[in-house]
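The values are calculated or read from the model by the stated rules, or taken from the named source; none is laboratory data. Everything quoted here is computed from the prediction, not taken from an experiment. Neighbour counts are summed over all protein chains in view; Cβ atoms, including those assigned to glycine, are modelled from backbone coordinates with ideal geometry. SASA here: full protein model, heavy atoms, side chains in, ligands and nucleic acids out. Shrake-Rupley method; radii C 1.70, N 1.55, O 1.52, S 1.80 Å.
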Amino acid sequence: MQTEIFSYNDEQFADLQMLRYKVDGFEQLSISRKKLIYYLSEAALSGRDILWDQNGKYNLLIRKTLESIYTDYTGNRESEEFKAFTVYLKRVWFSNGIHHHYGCEKFKPEFSKTFFLEAFRNLPADKLPLENGQTAEELCKMLVTIIFCPEVMPKRVNQTDGEDLVTTSSCNYYGEGLTQAEAESFYNTMKQENNTHPVMYGMNSRLVKNGEKTVEKVWKSGGLYGAAIDRIVYWLEKAANTAENKKQAEVINKLIEFYRTGDLRTFDEYTILWVQETEALVDFTNGFTETYGDPLGLKASWEGYVNFKDTEATARAEKLSANAQWFEDHSPVDERFKKQTCRGVSAKVIKAAILGGDLYPASAIGINLPNSNWVRAEYGSKSVTIGNLTEAYNKAAHGNGFHQEFVVDEETIQMLEQYQDICDDLHTDLHECLGHGSGKLLPGIDSDALKSYGSTIEEARADLFGLYYLADPKLTELELTPNAEAYKAQYYSYMMNGLLTQMVRIEPGQDIEEAHMRNRALIAHWAYEHGAKEHITELIQRNGKTYIRIHDYEKLRQLFGVLLREIQRIKSEGDYIAARKLVEQYGVKNDLKLHREILMRYQALHLSPYKGFINPVYTPIYDEEGEIIDVKVTYGEKYDAQMLRYSRDYATLPYINE
Ligand code: ZN
């Protein structure tokens, strides 16, 4: 028998680095838990096509065409053109569509139109995604326009202030011809006044024009995406029969009911059951979850993942949760915006077993759900940090020269080497377990009042909560930080990232679009500007290179406290004007000259700003009766092989979904 050699780093292309993560402890699980993970994993992979279609109307069509060229191209596979084509396809795979997963801009192909036309025309007809009587030439013409014309579908999510965000975004959440004003008025009339338990309006549908009327096409069994949903339900049913306890079976069955009916009240019932099920070792998310991909923040992208608890590391997060009320009471925010009773902040460290939908291949490392404000307020939320993904990031980044290039001096480098990993984990815990769960809205405030600025403000709130408390003596008292100095590592890397190095993720001249990045820029620029007079932090120049130096960490902490107070006020009062001003002033723009400098320094290191994960492979072993008697996990699959396999085995939807 061969032993697999495990490597965290895999291939690198464009601005991307593929990593692998290890699912230590899977082999030791009981057979029934292994089966449960296997069934839930299949459910998590079965929704893949939904996300592709949500990200853009033509994505599935394009994916099929590109994959056919990739597998069947008979020309010179060593040519520069074919190599450029391969990079393009790998980027499309990574983004689940033709737009950058983070920046949202459409990819610019580095191969020529001539190459594409020749490759396309040499494909046999049965390799082409032809539907509804379309001819190969018609399809070809259409694809050339979508792939090569920069003005066609330029952005997946457009957040530019003042523009019609619906008509200018090419995500597939709103039908053709529908305007932002029409979409907003549709949902405004739906939101009844004084409804204390509103459903997540619009979360599971595409909004389209039907003649003069505006209607929702609901994503459910028998509705839009019905075929994919039925496949998910098939695996969920098996999972329900293998559940660890009665409550977990109820959770899964309620989710199935939601998928069948599309009823958002059922969805709320499901999330309440899910939040309350905290006994089982194995847990999962499967469904329409995050709204970052919708410029109006209503429509939820499909995602799925499966995990099991890391008992040891969870003890750390539990310490924070056990003290949730203390943190709430001592935070610098106005008393009116604090929660009188902080409850249900369940926090744990988990190991991801599979990533699917909007968590694959690029994944979050901390997740806090559900997103419904009233469910969170009344039932709490589940908060997780994904330990084995963080581990993979850290292992892969060790000794890559990044600190040597961007950190101001050797002393600070040493500090980061010593404390950064531990502080990073802790900041994620604080952000997820306490930050998102803290504070409250004033009565009568619409949870969507901050509109397109809502996500950025919410992330800033959680980050600031974490930053503020990372420096608190309470953490040393709880033995979570090794000493009273360790937090400085996080303060330094946070400021460096927000002011300088996160720019490596953006093309020169482009604005910051993504909510988490906007939040980091906002906090860092605000703190820098407000601390300038007192010399709290300073940008210095050395040999044409810019560095951040922090002169007074204590005062920086006070600044974070002041900003946390203001951000909580904005959220609690639904102060849209103030949210917009803060985000636009501090969170959106990059200084072009500085941006170029950072990019040049970064490129010299040959690192990738974005990382994503190749999933492990689970193989069930059957006995003669067809019963699963074991599930094997292996890690060797290559990126392209995995993507092609998923496209083959989990193809559930037509190429165009209307
Ligand atoms: Zn967050």
Looking at region 477-494, is at least one residue in a helix (DSSP H, G or I), open to solvent by 20 Å² or more (accessible area, probe 1.4 Å), out of contact with any Ser or Thr (no Cβ under 8 Å at 6 or more places or on another chain) and of a type outside the set (Gly, Ala, Ser)? yes
Residues (part of a helix (DSSP H, G or I) and buried (at least 19 other Cβ atoms within 10 Å of the Cβ)) located in region 506-520: Ala515, Met517, Arg518, Asn519, Arg520
Is at least one residue of region 338-359 acidic (Asp, Glu), within 16 Å of the ligand (Cβ to nearest atom) and touching a residue at least 60 places away in the same chain (Cβ under 8 Å)? yes
Tyr88 is checked against (1) in contact (Cβ under 8 Å) with a residue 24 or more places away in the chain; (2) of a type in the set (Phe, Trp, Tyr); (3) touching a helix residue (DSSP H, G or I) at 6+ places or on another chain (Cβ under 9 Å) and fails just one. What number does that condition carry? (1)
Selection from region 41-89 of residues under 29 Å from Phe288 (Cβ atoms) and open to solvent by 30 Å² or more (accessible area, probe 1.4 Å) yields Lys57, Tyr58, Lys64
With the structure loaded, tell me whether Tyr453 is more than 12 Å from the ligand (Cβ to nearest atom) and open to solvent by less than 20 Å² (accessible area, probe 1.4 Å) or whether it fails that test. yes
So how many residues does region 360-388 have that are part of a helix (DSSP H, G or I), within 16 Å of the ligand (Cβ to nearest atom) and not polar (S, T, N, Q)? 1
Restricting attention to region 386-409, does a residue exist that is open to solvent by less than 50 Å² (accessible area, probe 1.4 Å), among the hydroxyl-bearing types (Ser, Thr, Tyr) and in contact (Cβ under 8 Å) with a residue 40 or more places away in the chain? no
Can you name the residue in region 116-147 that is assigned to a helix (DSSP H, G or I) and charged (D, E, K, R) and is also most open to solvent (accessible area, probe 1.4 Å) among such residues? Lys141
Could you tell me whether any residue of region 99-115 is assigned to a helix (DSSP H, G or I) and touching a residue at least 40 places away in the same chain (Cβ under 8 Å)? no
So, Ala315, is that one away from the ligand (no atom under 16 Å from the Cβ) and free of Cβ contacts under 8 Å to residues at least 24 places away in the same chain or not? yes
The residue that is surrounded by the most Cβ atoms within 10 Å (Cβ to Cβ), considering only those in region 230-260 that are free of Cβ contacts under 8 Å to residues at least 60 places away in the same chain and basic (Lys, Arg), is Lys254
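With the requirement that a residue be near the ligand (Cβ under 9 Å from one of its atoms) and open to solvent by 10 Å² or more (accessible area, probe 1.4 Å), what does region 429-450 give you?
His431, Glu432, His436
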For Arg549, state whether it is closer than 14 Å to Asp463 by Cβ, at pLDDT 95 or above and out of contact with any helix residue (DSSP H, G or I) (no Cβ under 6 Å at 6 or more places or on another chain). no
Residue satisfying all of: in region 477-491; more than 19 Å from Cys433 (Cα to Cα) and in contact with a helix residue (DSSP H, G or I) (Cβ under 6 Å, 6 or more places away or on another chain); nearest to the ligand (Cβ to nearest atom) among these: Tyr491
Residues of region 208-228 being touching a Ser or Thr at 6+ places or on another chain (Cβ under 8 Å) and in contact (Cβ under 8 Å) with a residue 60 or more places away in the chain, in sequence order, are Trp219, Leu224, Ala227, Ala228
Counting residues that are open to solvent by 50 Å² or more (accessible area, probe 1.4 Å), which strands (runs of 3 or more DSSP E) fully inside region 584-658 reach at least 2? 617-622, 628-634
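Name the single residue that is nearest to the ligand (Cβ to nearest atom) among those in region 464-476 being open to solvent by 10 Å² or more (accessible area, probe 1.4 Å) and either of a type in the set (Phe, Trp, Tyr) or in a helix (DSSP H, G or I) (or both).
Within region 464-476, the match that is nearest to the ligand (Cβ to nearest atom) is Tyr468.
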